[in-house]
Structure formats: C-alpha cells, structure tokens
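Written below as structure tokens is the structure these notes are about.
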Amino acid sequence: MFLQKIESKNAPKPVGAYSPAVKLGDFVYMSGQIGLDPQTNEMVDGIEAQTKQVMENIKALLNEKGLDMHHIVKTTILLDNIDDFSVVNDIYGSYFTSGVFPARSAFEVAKLPKNALVEIECLVIDTLIYEQQQQQSCGGCSSDDCGDDCGCGGCHE
Ligand SMILES: CC(=[NH2+])C(=O)[O-]
C-alpha cells in the first residue's frame, strides 16, 4: 500500500503543507475544504456561497477517483459561527440523495485558515468496499422503506 495524492483542476490548491486528499488502500482521506474558487484560489463571499463552494470542491476531488458524495462515510464540519449551522446544514444535506447521510461532527471553532466561514473534511471509502457494505448491511430492508433510493440495488431480490 502507498499513499497517493489526489488533486483536481476543479478544486482549489492547498493553502498549506497538505494534499487536497490522499488515497490509502480503499480509503480516501480528504483535507478540510474551504470556500476557495478553484479558478482564482480566492475565497467566495458569504456563508451560503462558501458552503456550496466547499461541497463542489469535495465533489471535484471525489470525481478524480470516480467517486461521488455517496462514498463519503464521515464528515467534520468546522464553523466560524455556530449560528450558521442551519444554513450550512441545509446546503450540505442537499448534496446527499441516497437516504443515508454520512456520520458527522460539527463544531464552532475560534478561527479557520484564510478566515473561512466553514471548512468540511471527509473520510471516504472506495467503490468496491462501499458496494460490498451496502450488500452486507442490507440483509432484508422492509419493502416500505426500501427502493432504488436506498442505494443497495438488491433489496427486492
Ligand atoms: C484548509 C486546510 N485544510 C488546512 O489544513 O489549512
């Protein structure tokens, strides 16, 4: 196993001594993403725009390895102001459509790099294990709750 750097033309350059994401075996560890526009490497304005930019930056890095938001298993949200929780939560939530959100922690912190208003980091699992886990954890969903949205693709078989 070796540590592989992940970067994307569609995600901002690091602002310090870190890789945007690294892949080790079946896991991708994504550094905290902040609301930098990848074209300019400048911070976008306001909590809504920054949250959307963070989620787009996460998507871009995942796409580099053929992954998407549904491969994320755990996130950490760091907020400059906990009063922004609701607006960040709503935008963040809209990026997950499988019916199963990743596990998550959220904190207000004293300061973020580049005076960002929000930073989100992710732990991601690659396609093979994700699919195996879906099949193993399904094990007989109730027919009312199960369907294409559950993501397992095999509940009715
Ligand atoms: C922005 C960030 N992830 C860092 O470590 O500075």
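Some notes on this structure:
- Residue match in segment 53-69 (condition: in a strand (DSSP E or B), crowded, with 21+ Cβ neighbours inside 10 Å and either at pLDDT below 95 or not hydrophobic (A, V, I, L, M, F, W, C) (or both)): no
- Within segment 42-52, being open to solvent by 60 Å² or more (accessible area, probe 1.4 Å) and either under 20 Å from K74 (Cβ atoms) or within 15 Å of the ligand (Cβ to nearest atom) (or both) holds for one residue alone: E42.
- Residues that are over 15 Å from I58 (Cβ atoms) and touching a residue at least 24 places away in the same chain (Cβ under 8 Å) within segment 14-27 comprise V15, G16, G25, D26, F27, listed in sequence order.
- Residues (surrounded by 21 or more Cβ atoms within 10 Å (Cβ to Cβ) and within 9 Å of the ligand (Cβ to nearest atom)) located in segment 31-41: Q33, I34, L36
- Qualifying residue in segment 8-29 (condition: within 14 Å of L117 (Cβ to Cβ), open to solvent by less than 40 Å² (accessible area, probe 1.4 Å) and either away from the ligand (no atom under 12 Å from the Cβ) or out of contact with any Ser or Thr (no Cβ under 7 Å at 6 or more places or on another chain) (or both)): no
- Of all residues assigned to segment 71-89, at least one qualifies as being charged (D, E, K, R), closer than 25 Å to K13 by Cβ, assigned to a loop (DSSP other than H, G, I, E, B) and free of Cβ contacts under 8 Å to residues at least 40 places away in the same chain.
- Checking segment 17-40 against the condition returns no match, with no residue being in a helix (DSSP H, G or I) and either more than 14 Å from the chain's Cα centre (by Cα) or aliphatic (A, V, I, L, M) (or both).
- Restricting attention to segment 100-111, the residues that are surrounded by fewer than 16 Cβ atoms within 10 Å (Cβ to Cβ) and assigned to a loop (DSSP other than H, G, I, E, B) add up to 5.
- Looking across segment 115-130, just one residue is modelled with pLDDT of 95 or more and surrounded by fewer than 15 Cβ atoms within 10 Å (Cβ to Cβ), and that is N115.
The values are calculated or read from the model by the stated rules, or taken from the named source; none is laboratory data. Small disclaimer: the values here were computed from a predicted structure and weren't measured. We place every Cβ from the backbone using ideal geometry, glycine too, and count neighbours over all the protein chains shown. Remember, those area values only see protein heavy atoms, side chains included, never the ligands or the DNA or RNA. Shrake-Rupley method; radii C 1.70, N 1.55, O 1.52, S 1.80 Å.
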